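A.B. asks: Below: one structure in structure tokens.
The values are calculated or read from the model by the stated rules, or taken from the named source; none is laboratory data. Computed from a predicted structure; not experimentally measured. For neighbour counting, all protein chains shown are included, and Cβ atoms are generated from backbone atoms with ideal geometry for every residue, glycine included. Accessible surface areas use protein heavy atoms only, side chains included; no ligands, DNA or RNA. Shrake-Rupley method; radii C 1.70, N 1.55, O 1.52, S 1.80 Å.
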Amino acid sequence: MKMIEDTVWIKKLRDFWAIYKTNMKGVIGLAMVLIFVFIAIISPYIVPYDPFQRNVVEPFAPPSKEHRLGGDDIGRDLFSQMIFGSRISLFIGFVAAFSTTLIGTIIGTVSGYFGGYIDDILVTFTNIILTIPSIPIMLVLAMYLGPNIWNIITVIAITNWTGVARIIRSQVLSLKERAYVDASRAIGAGSTHIITKHILPNAVPLILANAVLRVVSAILSEAGLSFLGLGDPTAISWGTILHYAQFCGGFSRGAWWWIIPPGLLIGLVAISFTLIGYSLEEVFGPRLRRA
């Protein structure tokens, strides 16, 4: 039985890839993401200088052959920082997006499937969170919890799950009325079985598409918090690079090599994940309408 299920999933993956690879936007986005992920993984082995080491270059030195993006105010090599910073930015993006999607999926599924007073309570709670501006909440929580990578992930997850919950709830409300769910319920299947075997598998495309788009939101949120000085000072991310550029005179001195590259990298990563997310919606769109 297990082997049959594995074969079905392998066939589904093959069918998905056969459709996905025909979407040029999705292929370009996926290629860009894989490049960024590959660089992030091998970054400790390819950086030309220690990104934390001071005085390896003249302070505020412009780009040169030895230092392709020049140096910061204390002589650290900015090219090494850009490469190494991809690790933290992508790590926070992936983990925060996973946490956000997990919370939203659980709340949306429970709310949509069980309905009644449970649905009323969860919908009310979700709407309350939605009415509170997310940026002030993120700032307050980040200041209260302290500058730490895991605290940043927690802040992002706490403030960004509501959109996922509303979307998943709507999908579950539709799925639980399907004939196969009624048939499963008629033969005595419990709620756990119905949710795990019928509801969630058919909601996977929507969950996956939203998870990819949440990576963009998480990376931008981390960059914003770090730029405001609420990031982890012991770690290097593209957001913290921009923070020190602003705080230590990079903007006032016109050190474009300290400002433009991290902003460009954040933008490229956001574009690549957005391309994947929209492509997944196009690929899964007909399936979602038939679900």
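A.B. asks: Based on the mean of other Cβ atoms within 10 Å per residue, sort peptides 20-26, 83-89 so the most packed one is first.
C.D. replies: Values: 20-26: 14.7, 83-89: 23.3.
Taking the mean over residues of other Cβ atoms within 10 Å, the ranking is 83-89, 20-26.
A.B. asks: Take a quick pass over region 1-139 and tell me how many lysine pairs come in under 16 angstrom between Cα atoms, counting only ones 8 or more apart or on separate chains.
C.D. replies: The result is 4.
A.B. asks: If you don't mind, another one. Once neighbouring chains are kept in place and the probe is 1.4 Å, which whole percent of the accessible area of region 63-197 is contributed by carbon and sulfur?
C.D. replies: 67
A.B. asks: Could you tell me which residue out of THR234, TRP150, ILE259 lies farthest along the dipole of the chain toward its positive end? Charges go on the beta carbon: Lys and Arg +1, Asp and Glu -1, centred on the Cα centre.
C.D. replies: Final value for the positive-end residue is TRP150.
A.B. asks: Quick one: with all protein chains in place, what share of the accessible area of region 222-291 is carbon or sulfur, to the nearest percent (1.4 Å probe)? Can you show the working numbers first?
C.D. replies: Working: 2040 of 3120 Å².
Answer for region 222-291 is 65 percent, counting heavy atoms of protein chains only.
A.B. asks: PHE251: net charge of surrounding residues, Cβ under 13 Å, Lys/Arg +1, Asp/Glu -1, itself excluded?
C.D. replies: It works out to a net charge of -1.
A.B. asks: Ranked from highest to lowest mean number of other Cβ atoms within 10 Å per residue, what is the order of the peptides 42-52, 105-115? It would help to have the intermediate numbers written out before the result.
C.D. replies: Details: 42-52: 13.7, 105-115: 20.7.
Most protected by this proxy first, the peptides run 105-115, 42-52.
A.B. asks: Which helices, counted as full DSSP H runs in the chain, have an axial Cα extent of no less than 24 Å and a Kyte-Doolittle average of 0.5 or above?
C.D. replies: Values: long enough: 2-20 (27 Å, -0.13); 24-46 (32 Å, 2.25); 78-114 (53 Å, 1.38); 200-227 (39 Å, 1.41); 256-290 (50 Å, 0.80).
Passing helices, by number: 24-46, 78-114, 200-227, 256-290.
A.B. asks: Separate question: Enter the accessible area per residue of the chain (Å², integer; probe 1.4 Å; all protein chains in place).
C.D. replies: 52
A.B. asks: If you take the charge dipole of the chain about its Cα centre, with +1 on Lys and Arg Cβ and -1 on Asp and Glu Cβ, which of SER80, SER279, MET138 is farthest toward its positive end?
C.D. replies: Working it through, the farthest residue towards the positive pole turns out to be SER279.
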